[in-house]
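The values are calculated or read from the model by the stated rules, or taken from the named source; none is laboratory data. The model shown is predicted, which means the values in this text are computed figures rather than measured ones. Positions of Cβ are generated from backbone atoms using ideal geometry, with glycine treated the same way; all protein chains shown enter the neighbour counts. With ligands, DNA and RNA removed, areas are computed over all heavy atoms of the protein, side chains included. Shrake-Rupley method; radii C 1.70, N 1.55, O 1.52, S 1.80 Å.
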Amino acid sequence: IGKLSFLSFLYTHSNAFTGTIPNEISNLSMLRQWKHFENINTGTLPNDIGNLTNLEILWLSECRFSGPLPPSFYNLTRLQQFHAWNNRDLFQEPFSTGFNGTISSEIGNMKELTSFVVNHNWFQGELPWEFGDLIKLKTVFLHFNDIMGESPFCDEDMPNITRQQQYLTVEMDCLVENNNEAKVNCTCCSACCSYYNGICRE
């Protein structure tokens with residue numbers, strides 16, 4: 001597939017593809033959209049995915065991907081939509097914990113992002129404050145992960161615009177339920193979810 005050097009749109013969703021994604025896909029330097037949801041692929045993203053410098057839409061939801069986002073991912077400075085929700089599946093083979101690791105402060109380079117939808121994975125740790133500086137970001141789904149600490153999306157000193165103008169939807173694990181402490185402190189979330197009980201409330 002890496003020889004299709006002029007390919008701009010790749011729609012491989014709603015199939016039953018298995019195995020890992022070949023690193024050769026990173027050779028598609030003209031690719032603008034790749035929609036690859038509802039498959040059974042496993043493994044990590046290609047290390048060189050950051051070579052897809054023209055990529056604007058990347059949808060990888062409802063597969064069985066795992067591992068951290070590779071460092072080159074943050075080179076996708078034209079990326080507008082990253083949808084990778086529900087890659088965690090601990091009940092059906094092939095089992096997967098979903099994407100994991102921490103989200104790097106390098107995400108601040110991805111200034112074209114409008115949506116970052118990665119609920120139902122296993123991202124961990126605290127979110128970088130640079131995440132909250134992405135002024136085009138409208139939709140952020142980070143619930144049902146292992147993220148903790150302060151939300152970077154509620155800072156009243158955000159550059160240029162208020163948070164009400166900026167965010168359409170923010171969902172994180174900020175719900176206090178049955179004496180379980182919230183994993184995230186998020187005063188501006190449109191919905192708070194419980195990592196422990198698997199529920200969300202507005």
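Overview of values
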quantity: FRET efficiency, I199 to L90 (Cβ-Cβ, R0 25 Å, nearest 0.05); calculated: 0.85
quantity: Counted charge near L10, where neighbours are those whose Cβ lies closer than 13 Å (Asp, Glu -1; Lys, Arg +1); calculated: 0
quantity: Förster radius 30 Å - calculated FRET efficiency between L4 and E56, Cβ distance, rounded to 0.05; calculated: 0.95
quantity: Cysteines having no other Cys beta carbon under 4.7 Å from their own, within the chain; calculated: C63
quantity: Inter-probe distance in nm under a simple model that places probes 7 Å from Cα toward Cβ, at A191 and E177; calculated: 1.2
quantity: Cβ-defined net charge surrounding E112, 15 Å radius [Lys, Arg +1; Asp, Glu -1]; calculated: +1
quantity: Rounded accessible area of F144 (nearest 10 Å², 1.4 Å probe); calculated: 20
quantity: Accessible area of M148 in the full protein assembly, 1.4 Å probe (Å², nearest 10); calculated: 80
quantity: Net charge over other residues, Cβ less than 12 angstrom from the Cβ of F99 (K, R count +1; D, E count -1); calculated: +1
quantity: The stretch 1-45, Rg to Rh (Cα coordinates; Rh as Kirkwood inverse mean 1/r); calculated: 0.96
quantity: Separation of the M30 and W129 label points, Cα + 7 Å toward Cβ, nm; calculated: 4.4
quantity: Relative contact order (percent, whole number), the chain, Cα cutoff 8 Å, 6+ residue spacing; calculated: 12
quantity: Proximal lysines to K136, defined as alpha-carbon separation beneath 28 angstrom and excluding residues fewer than eight positions away on the same chain; calculated: K35, K111, K183
quantity: Cα-only radius of gyration and Dmax that characterise the stretch 96-138, units Å; calculated: 10.9, 33
quantity: Estimated [θ] at 222 nm from DSSP helical runs (n ≥ 4, -39500 (n - 2.57)) normalised by residues in the chain, nearest 500; calculated: -500 deg cm²/dmol
